[in-house]
Amino acid sequence: MTPLSESTFLLFGTGRRRSWIYRAGALWPLADQGHGFQWETVRESIDGGAARVELETRAGAQVVIHEDENGLWLDEGGAVRCLDDRPGGRWPGFEGHPHAGRLRQLHHEILVNLPCGAPLPNRLVYSKPWYRDSAMVAMVLEKTGNLGLIEDWVAGLREPFDRNNRGHRESDNLGQALYLISLVSDRGHPLVETILRTLPEHATDGHLTGLSDYAPHPVYQTKWLLFGLRALGLDDGDWRIPSQPDNYSALFWWDFRQQHVPGAGFDAASRVRYPYLGWAEDHFHGRPPPLDLLRMNAPLTWEAEASEADYSALAALDPGLEARRIALPHTWHAAEAFLYLHELESTFP
């Protein structure tokens, strides 16, 4: 499957570091495009799995831009400078894993989207975290020992809904917020009591109701609620997962797998625009990982034609991305791909 764009670039600046972008012979800080570095290049190599760019200039100089656990580095002909040595998180190498290179790159695409500890779907086109995406990102950070990067953000949560989809109070947010809290705190977090008081307003016949992504998804919403309550050791009472088709049910692949009524899956167009749906759905059903829903070049992940993304921010990076409404990379996509590939001990038969 051909991705929606051939644009190639690399984001740098994981964890607490300043964000930089490399593209087409230029490296600049995200917040100040006019103050960076530019080279006339005759050769360029971008290795997303190593967070590394190698250049050869017209003058024959060798330039390397490289990020690792210790910092972000610029090497111009052997003259090395550190652009940022603030904490960037833990960087497992996944040595011996059949998908080690992809895992490193997917992990990096998550770590570069945590400005001030707030997990953004894509820091170029989104300004606020989404609980749904953040919960999946947190699953990755837990596996890689990086929950500390978002601990302050979770500790500061006070609203039961992120209200990112046109202000809607999306019911799945309730369980996602509880789960996020469970990773770094306990039932004493001030948002927990607020969520428990809010639940009756969004309940029908023992399950959650309301909208998620502009549609009712009671199975998915209630699975998240039960998972969040149990993660905090809270009583799940009489909540029950309704027995009805819900295509979002297959997005919840790590628990409550038996509580699923088969129905229509995601169509091909949706899987391309929102590839996290395809990765999660295939994970749930035990299908081979959809490697065709990863780009061949950096970044690996994307989202397209999202209703709440501000694609105008891409104009300076690549006008083609703005025109086609494509954001690269995307953390929910990266998280779903990482979590599926990480559990595989061999390439899929």
field: Residue match in the range 216-227 (condition: outside any strand (DSSP E or B), in the same structural domain as GLY156 (by TED's automatic domain parsing) and surrounded by fewer than 20 Cβ atoms within 10 Å (Cβ to Cβ))
entry: no
statement: Expected output for the range 142-158 (first residue at positive phi, partner modelled with pLDDT of 95 or more, Cβ below 6 Å, 6+ apart or cross-chain) is GLY145/ARG90
field: Count of the range 65-84 residues which are part of a loop (DSSP other than H, G, I, E, B) and either buried (at least 16 other Cβ atoms within 10 Å of the Cβ) or in the same structural domain as PRO329 (by TED's automatic domain parsing) (or both)
entry: 0
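Name the single residue that is surrounded by the most Cβ atoms within 10 Å (Cβ to Cβ) among those in the range 36-56 being in a strand (DSSP E or B) and touching a Lys or Arg at 6+ places or on another chain (Cβ under 9 Å). Show your work before the answer.
First, pick out the residues of the range 36-56 that are in a strand (DSSP E or B): 37-38, 41-47, 52-56.
With touching a Lys or Arg at 6+ places or on another chain (Cβ under 9 Å) added as a condition, the list becomes 41-42, 45-46, 54-56.
Details: THR41: 15, VAL42: 12, SER45: 10, ILE46: 19, GLU54: 16, LEU55: 21, GLU56: 15.
The extreme case among them is LEU55.
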Residue selected from the range 53-89 under the condition among the charged types (D, E, K, R) and touching a Ser or Thr at 6+ places or on another chain (Cβ under 7 Å), by the criterion farthest from ARG17 (Cα to Cα): GLU56
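Quick check on ARG102: is it out of contact with any His (no Cβ under 8 Å at 6 or more places or on another chain), at negative phi and surrounded by fewer than 16 Cβ atoms within 10 Å (Cβ to Cβ)?
Values: out of contact with any His (no Cβ under 8 Å at 6 or more places or on another chain): yes; at negative phi: yes; surrounded by fewer than 16 Cβ atoms within 10 Å (Cβ to Cβ): no.
Spelling it out, it is not the case that ARG102 is out of contact with any His (no Cβ under 8 Å at 6 or more places or on another chain), at negative phi and surrounded by fewer than 16 Cβ atoms within 10 Å (Cβ to Cβ).
Anything in the range 232-264 that is small (Gly, Ala, Ser) and surrounded by fewer than 16 Cβ atoms within 10 Å (Cβ to Cβ)? List them, or say none. First the steps, then the outcome.
Applying the first criterion (small (Gly, Ala, Ser)) to the range 232-264 yields 233, 237, 243, 249-250, 263-264.
Matches in the range 232-264: GLY233, GLY237, SER243, GLY263, ALA264.
For the range 19-35, name all the residues that are part of a loop (DSSP other than H, G, I, E, B) and surrounded by fewer than 15 Cβ atoms within 10 Å (Cβ to Cβ).
If we filter the range 19-35 for residues that are part of a loop (DSSP other than H, G, I, E, B), which is where we start, we get 19, 24-25, 30-35.
ALA24, ALA31, ASP32, GLN33, GLY34, HIS35 - these are the residues of the range 19-35 that are part of a loop (DSSP other than H, G, I, E, B) and surrounded by fewer than 15 Cβ atoms within 10 Å (Cβ to Cβ).
Answer with yes or no whether ILE181 is surrounded by 22 or more Cβ atoms within 10 Å (Cβ to Cβ) and either outside the structural domain of VAL137 (by TED's automatic domain parsing) or over 18 Å from ALA138 (Cα atoms) (or both).
no
So, of the residues in the range 153-183 that are part of a helix (DSSP H, G or I), touching a Phe, Trp or Tyr at 6+ places or on another chain (Cβ under 9 Å) and of a type in the set (A, V, I, L, M, F, W, C), which turns out to be farthest from LEU232 (Cα to Cα)?
Residues of the range 153-183 part of a helix (DSSP H, G or I): 153-155, 172-183.
Subset that is touching a Phe, Trp or Tyr at 6+ places or on another chain (Cβ under 9 Å): 172-180.
Subsequent filtering for residues that are of a type in the set (A, V, I, L, M, F, W, C) retains 174, 177-178, 180.
Working: LEU174: 13, ALA177: 11, LEU178: 7, LEU180: 10 Å.
Across the range 153-183, the extreme among qualifying residues is LEU174.
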field: Filtered residues of the range 238-270 (kept if assigned to a helix (DSSP H, G or I) and over 20 Å from GLU308 (Cβ atoms))
entry: ASN247, SER249, ALA250, ALA268
message: Please go through the range 326-347 and give me each residue that is closer than 17 Å to ASP282 by Cβ and either free of Cβ contacts under 8 Å to residues at least 60 places away in the same chain or part of a helix (DSSP H, G or I) (or both), ordered by number.
response: TRP332, HIS333, ALA334, ALA335, GLU336, ALA337, PHE338, LEU339, TYR340, LEU341, HIS342, GLU343
message: I'd like to check something: does the range 296-304 contain any residue that is under 18 Å from ALA215 (Cα atoms), at pLDDT 95 or above, within 21 Å of the chain's Cα centre (by Cα) and among the hydroxyl-bearing types (Ser, Thr, Tyr)?
response: no
query: Do you know which of the residues in the range 292-315 that are out of contact with any strand residue (DSSP E or B) (no Cβ under 9 Å at 6 or more places or on another chain) and under 19 Å from ILE46 (Cβ atoms) is surrounded by the fewest Cβ atoms within 10 Å (Cβ to Cβ)?
result: MET296
query: How about the range 228-237: which of its residues are free of Cβ contacts under 8 Å to residues at least 40 places away in the same chain and part of a loop (DSSP other than H, G, I, E, B)?
result: ASP235, ASP236, GLY237
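Within the range 159-181, track down each residue that is hydroxyl-bearing (Ser, Thr, Tyr) and either without any contact (Cβ under 8 Å) to a residue 12 or more places away in the chain or under 17 Å from ALA335 (Cβ atoms) (or both).
Residues of the range 159-181 hydroxyl-bearing (Ser, Thr, Tyr): 171, 179.
Once the filter is applied, which keeps residues that are hydroxyl-bearing (Ser, Thr, Tyr) and either without any contact (Cβ under 8 Å) to a residue 12 or more places away in the chain or under 17 Å from ALA335 (Cβ atoms) (or both), the range 159-181 yields only TYR179.
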message: Within the range 83-100, does at least one residue satisfy the condition of being touching a Gly at 6+ places or on another chain (Cβ under 6 Å) and more than 30 Å from LYS128 (Cβ to Cβ)?
response: no
- prompt: Just a yes or no: is a residue in the range 336-344 in contact with a strand residue (DSSP E or B) (Cβ under 7 Å, 6 or more places away or on another chain) and surrounded by fewer than 21 Cβ atoms within 10 Å (Cβ to Cβ)?
  reply: no
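The values are calculated or read from the model by the stated rules, or taken from the named source; none is laboratory data. Everything numeric here is computed off the predicted structure, so don't read it as measured data. Positions of Cβ are generated from backbone atoms using ideal geometry, with glycine treated the same way; all protein chains shown enter the neighbour counts.
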